[in-house]
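As structure tokens, the structure follows; a few thoughts come after it.
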Amino acid sequence: MSKADVKPTTYDVLRELGVDRRSFLKFCTMAAAALGLDASAVGKVVEALEKKPRIPVIWLHGLECTCCSESFIRSSHPIAQDVVLNMISLDYDDTLQAAAGFQVEEIRKRIMKEYPGQYILAVEGNAPTKDGGVYCTVGGQTFLEILRETAEQAKAVVAWGSCASNGCVQAAHPNPTGAKPVHKLIDGKPVINVPGCPPIGEVMTGLLTYILTFDRLPDLDRIGRPKMFYAQRLHDKCFRRAFFDAGQFVENWDDEGARKGWCLYKMGCRGPSTYNSCATFKWNNGVSWPIGSGHGCIGCSEANFWDNGPFYERLSTVPLPGVDSTPDQIGKVAAIGAGAGVAAHFASFLVRRTMSKDKPDESHVSADRD
């Protein structure tokens, strides 16, 4: 194999772009931290990005709004757009590429032929299935046909965002185009669901870094999401959790509770039933996230969230894992428990005081014995 046939590594490309060694190592360290790896794994990340060829990626767009691509190119941890866009060999992306038309479709087919079983198929958006899928057509082919054709030789399929992972708004009732998520349209290939509307940029880049570093797919939960990013509920890391436990809830927008940062569950927050990393990575370069900005979670990384509305009302159908009581009951129990604690403390004080009065003074007895 000639040198020209060898695909460059991530580090090769970064050096050509002027990224120095210090910045590269900083990126590797931050990538390992984002993946939840210990310090000993940083060397593996460095070695992978230095020596392994970049992952060939074909990125398809179906029914979607491009917010996943917007999130991806704005990832800040790993650090820069240069690192993100050059971590992978993004050979086909009809949103980011400069070329267009039938020439681009030939590029997609060439990648499929040259890298069978090696490339990652990234899918943003879902496919309409009604009337043969005619509601999304590219170059004379329906997106449904393109999706299945490209997936046939892929190493794995990554479903970016809620459109691709669970259907999102296109599949909401009454779903006029018959839109379906990727995992319901592809058989025989591992599908990694990375839901969110959009998914977090650091989650997207972290997933690709993991695949490149360890040459395997991460552990997935029962619905195909990477456990490293979707194992915890937002509720578990929410800074408002203490107010939930204390029964202190926002009752109306801009009331005293809202100004004090109390729990938004009564205002429709889906945090107790939503699994994602929003509270960890946040948005806008780690500045904030919806709950931190005073807006409840709408559960965008969970299936059927568009039909699980209205968003600003607490729904009895939204489960609270491990909590059977309603917020009102939680508040009452918390208040009763606090009152009982005060009463018990006061009663204990009275008992100790009475006992101290009734107890004989034994100081003179000790003197007589001496």
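A short reminder: the numbers here are calculations on the coordinates, not readings from a lab. The structure displayed is predicted, hence computed values, not measured ones. When we count neighbours, we look across all protein chains shown, and the Cβ atoms used for this are built from the backbone with ideal geometry, even at glycine.
The figures follow:
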quantity	calculated
Pair residue 51, residue 39: separation of 7 Å Cα→Cβ label points (nm)	2.3 nm
Cα centre as origin, Lys/Arg/Asp/Glu Cβ charges: segment 234-307 dipole, Debye	240 debye
Low-density loop positions, GluC sites (Glu not before Pro), segment 118-221 - DSSP coil, at most 15 other Cβ in 10 Å	152
Exposure proxy order (Cβ contacts within 10 Å, fewest to most) of 16, 47	16, 47
Sparse-neighbourhood loop sites, trypsin sites (Lys or Arg not before Pro) in segment 222-260 - DSSP loop, at most 14 other Cβ within 10 angstrom	222
Amide H within-cut-off set for residue 172, under 5 Å, with H built and near neighbours excluded	none
Proxy reagent accessibility, fewest Cβ within 10 Å first, across 26, 180	26, 180
Interchain or long-range residues, amide H under 5 Å from residue 60's placed H	122, 123, 124
Exposure proxy order (Cβ contacts within 10 Å, fewest to most) of 23, 293, 69, 162	293, 23, 69, 162
Greater than 32 Å apart at Cα, pairs in 109/282; 155/282; 26/227; 184/282; 113/184; 44/180	109/282; 44/180
Using a Förster distance of 35 Å, the FRET efficiency for residue 130-residue 285 (Cβ separation, nearest 0.05)	0.30
